[in-house]
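Down below is the structure, laid out as structure tokens.
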Amino acid sequence: MRSLKLLFLGCFLIAPATQAQSGGVLHFCLHGEPRTFNPILVDDEASENIRYLTGGVLIRLNRQTQALEPALAASWRVSKDGRKITLQLRTGLHFSDGTPFTSEDVAYTMKQLMDPQNHSATGDAFRSGEGAVDVQIPSAQTVAITFPARVAGLEQLLDQVAILSAHSPKKEMAVLGPFYVSEYKAGAYVELKRNPNYWKRDPQGRPLPYLDGLHLDIQRNRDIELLRFRRGELQLINRLDSESYVRLQKEDAAVARNAGAGLDSDHIWFNQIPTAPLAEYKKAWFRSAQFRKAISAAINRDDLCRLVFLGYAKPAYGPVSPANRFWFNSTLPVPKHDPQTALALLTHAGFRFANDELRDSAGHRVEFTLVTNSGNAVREKIATMLQQDLAHVGIKMNVVTLDFPSLIERMTRTFDYEACLLGLVNTDLDPNGQMTVWLSSGENHQWNPSQKTPATAWEAEIDALMREQATALADKKRKEQFDRVQQIIYEQQPFIYLVNRDVLTAVSPTVVGAAPTVLNPPAFWNVDVLQVRPATSELGAQK
């Protein structure tokens, strides 16, 4: 789910723009079909990437310096109580289709963002209290937004809000970012072209972006992606698996880049949705914290890091990576592989282990199916190792891989699955960016989403803590409250966290200006100044 402030970002020298050919088309892959081009409705990585490349935001978080920078808003002021932000907009700006940009567009965007009918995951981060958001537009270039309660980290959250046009007939396809979607072929590619009305200039006064456009192939198979990169058909891989990174590093160390310890996680969860079409006795397993904690104890995370990730990952403690230094709860116990503890927990919960099989109190063999996305070799390897670990405590785990649309269908509509292996992409260091995950009413509260009222006492406590920290005036108080959230997640294990990966990318020598970071998107966050020059080498470049 969302992203971050680190003190040790990986940095690389950036060649002066004058040394590279201006323009060109950058080719890389999306690892899934974008589910929407409406930036308000984004909740998947492919759509998130499109939003970043096309959306114009009021305030931008620089992924390298972690500083807030003026964007569509030339300046802003937050009230002392943290409820109101007043923004002074840049003048003379236009959307990609020529429609003027004014404060009316900001007001329209906020209305759409906070409309409960839209179920916006981005909007959930701004829901700090009961009541409506008030937007005043005293002039075409001034807008004042007042929230019913304080929104902690308000300016940072605006980095995720791409402004919609209130008047363009093209609706969400009219954009204020560096590129616009010019063509989309489902299952094949998304073509982006330079926005002729983009407002930014480089220090020499030249219009940005330098690139003429981007060609984003939809390719879930990472092996094919790597092959195409080697052939020079792609110039960038935004996220690289460990094996590919090691191979590329041996071939050309300058191409393979490790930005450092990452913020994203891989984890599994069990379906606890009351209406899910599952056997009742299995639902009882999945609702048991003892069962979930036993599964966690049975997993050898060190082996996952060593064998699947070749050392380019660390065992995951919980919902926050240690790389997120301020928000990470350092008091959480180190995750340990302990099959004996797992069996003790299962025995206490009424399960019986005999003849290398685990059965519940009614005699049912403990067996379930884990689903994950197809074409992802890393997750398939993780699933295989989980099978082996759980077999040692008598649990039979089957694995089914599904294409991403089918997986999303099961997760969000039919709820026809037992357990799932996926990952969360963090786009914000601040916990407010994860509201849709932790609030029981959130659509990304994946083990039991969109609850009318909290199903458990511990979820009710998390709801209260997340809302309290979102309005607290002092960061110390917010930290205490979010530390407690992390403690509850550790105790209840609704998500069973496995690993935090290093951020590994690949950048062709033909790309000038790349400076990967651990923040999303790691490889093309500074797309405004990227350029593609003529190929001069075989690896990652065309002859």
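Quick notes on this one:
- Inspection of the stretch 335-346 identifies at least one residue that is within 22 Å of ILE489 (Cβ to Cβ) and either among the basic types (Lys, Arg) or in contact with a Cys (Cβ under 7 Å, 6 or more places away or on another chain) (or both).
- The residues of the stretch 361-384 that are open to solvent by 20 Å² or more (accessible area, probe 1.4 Å) and assigned to a loop (DSSP other than H, G, I, E, B), listed by number, are SER361, ALA362, GLY363, HIS364, SER374, GLY375.
- Only listed residue being touching a residue at least 40 places away in the same chain (Cβ under 8 Å) and in contact with an Asp or Glu (Cβ under 9 Å, 6 or more places away or on another chain), chosen from PHE353, PHE368: PHE368
- Search result, residues across the stretch 385-403 that are open to solvent by less than 20 Å² (accessible area, probe 1.4 Å) and not in a helix (DSSP H, G or I): VAL393, GLY394, ILE395, MET397
- Condition check for LYS282: of a type in the set (Lys, Arg) and either modelled with pLDDT of 95 or more or part of a strand (DSSP E or B) (or both): yes
- Among the residues making up the stretch 53-65, those that are open to solvent by 30 Å² or more (accessible area, probe 1.4 Å) and touching a residue at least 60 places away in the same chain (Cβ under 8 Å) are ARG60, GLN64.
- In the stretch 85-106, the residues that are open to solvent by less than 30 Å² (accessible area, probe 1.4 Å), over 18 Å from MET173 (Cα atoms) and not hydroxyl-bearing (Ser, Thr, Tyr): ILE85, LEU87, LEU89
- Count of the stretch 401-449 residues which are in contact (Cβ under 8 Å) with a residue 40 or more places away in the chain, closer than 15 Å to ASP43 by Cα and among the hydroxyl-bearing types (Ser, Thr, Tyr): 2
- Pick from the stretch 317-350, criterion in a loop (DSSP other than H, G, I, E, B) and of a type in the set (A, V, I, L, M), ranking: nearest to GLN434 (Cα to Cα): VAL320
- Candidate set from the stretch 475-506 (those that are β-branched (Val, Ile, Thr) and under 21 Å from the mean Cα position of the chain (by Cα)); member that is farthest from TRP327 (Cα to Cα): THR505
- When VAL161, VAL181 are checked against the criterion of being closer than 30 Å to LYS476 by Cβ and either crowded, with 24+ Cβ neighbours inside 10 Å or modelled with pLDDT of 95 or more (or both), a single residue qualifies: VAL161.
- Residues of the stretch 452-470 that turn out to be open to solvent by 40 Å² or more (accessible area, probe 1.4 Å) and either closer than 15 Å to GLY433 by Cα or of a type in the set (D, E, K, R) (or both), as a count: 4
- On the stretch given as the stretch 344-382, residues that are more than 20 Å from ALA419 (Cβ to Cβ) and basic (Lys, Arg) total 1.
- Set ARG60, ARG51, ARG77: member being part of a strand (DSSP E or B) and more than 22 Å from PRO138 (Cβ to Cβ): ARG60
- Scanning the stretch 212-230 for residues that are touching an Asp or Glu at 6+ places or on another chain (Cβ under 9 Å) and farther than 20 Å from SER47 by Cβ yields LEU226, LEU227, ARG228, ARG230.
Let's see how each residue does on (1) in contact with a His (Cβ under 6 Å, 6 or more places away or on another chain); (2) among the aliphatic types (A, V, I, L, M); (3) surrounded by fewer than 24 Cβ atoms within 10 Å (Cβ to Cβ); (4) modelled with pLDDT of 95 or more:
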{"position": "GLY123", "(1), (2), (3), (4)": "no, no, yes, no"}
{"position": "VAL133", "(1), (2), (3), (4)": "no, yes, yes, no"}
{"position": "PRO138", "(1), (2), (3), (4)": "no, no, yes, yes"}
{"position": "GLN141", "(1), (2), (3), (4)": "no, no, yes, yes"}
{"position": "ALA149", "(1), (2), (3), (4)": "no, yes, yes, no"}
{"position": "MET173", "(1), (2), (3), (4)": "no, yes, yes, yes"}
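- Residue within the stretch 112-123 that is closer than 15 Å to THR54 by Cβ and not polar (S, T, N, Q) present: no
- Counting the residues of the stretch 306-327 that are open to solvent by less than 30 Å² (accessible area, probe 1.4 Å) and under 27 Å from ARG484 (Cα atoms) gives 9.
- Looking only at the stretch 224-249, and only at residues there that are assigned to a helix (DSSP H, G or I) and closer than 17 Å to ILE382 by Cα, the one that is most open to solvent (accessible area, probe 1.4 Å): GLU243
- Failed item in (1) in contact with a Phe, Trp or Tyr (Cβ under 8 Å, 6 or more places away or on another chain); (2) part of a helix (DSSP H, G or I); (3) not charged (D, E, K, R), with LEU307 passing the rest: (1)
- Among the candidates ARG206, ARG127, residue that is open to solvent by 60 Å² or more (accessible area, probe 1.4 Å) and within 21 Å of the chain's Cα centre (by Cα): ARG127
The values are calculated or read from the model by the stated rules, or taken from the named source; none is laboratory data. None of the values given here were measured: they were computed from a predicted structure. Positions of Cβ are generated from backbone atoms using ideal geometry, with glycine treated the same way; all protein chains shown enter the neighbour counts. Quick note on the areas: whole protein, heavy atoms, side chains included, nothing else; ligands and nucleic acids left out. Shrake-Rupley method; radii C 1.70, N 1.55, O 1.52, S 1.80 Å.
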